[in-house]
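Worksheet: the structure to be examined is printed underneath.
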Amino acid sequence: MNRQFSEEEMHAADCLQEIQRVINRLHITDESFLDDTKKEIPRLKELLTELEKYAVE
């Protein structure tokens, strides 16, 4: 049975997908791996904070 997803569920799923996209861009074989990772940390923190609004009670 299909159900309608709530706006909160959709936003949480969007946050998770964006986290996956960010992580997928980081490759340990790149010379700039650590620098790239450091640059992405603020975005990842922002996404996790958004996700936390829906996942933590």
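Brief remarks follow.
- Taking the Cα centre of the chain as reference, the dipole from Cβ charges on Lys and Arg (+1) and Asp and Glu (-1) amounts to some 80 debye.
- Once the convex hull of all Cα atoms in the stretch 4-57 is built, its volume per residue stands at 70 Å³.
- Electrostatic tally near Met10: other residues with Cβ closer than 15 Å to its Cβ, Lys and Arg +1, Asp and Glu -1, net -4.
- Using a simple spin-label model with pseudo-atoms 7 Å out from Cα toward Cβ, Glu46 and Arg3 lie 3.2 nm apart.
- Segment Gln20-Phe33, length gained on full extension (0.36 nm per residue, minus Cα span): 3.1 nm
- Under 18 Å of direct C-alpha separation, and excluding same-chain neighbours fewer than eight residues apart, Lys53 reaches these lysines: Lys45.
- Contact order normalised by residue count of the chain, Cα under 8 Å, 6+ apart, percent: 51 percent
- Local electrostatic count, Glu46, Cβ distance below 14 Å [Lys/Arg +1, Asp/Glu -1]: 0
- 0 to 90° range, to nearest 10: angle between helix 7-25 axis and the chain longest Cα axis: 20 degrees
Values in this text are rule-based calculations from the coordinates and carry no lab data. This one's a predicted model, so the numbers in the text were calculated from it and none came from an experiment. Here the Cβ is made from the backbone with ideal geometry for all residues, glycine too, and neighbour counts use every protein chain on show.
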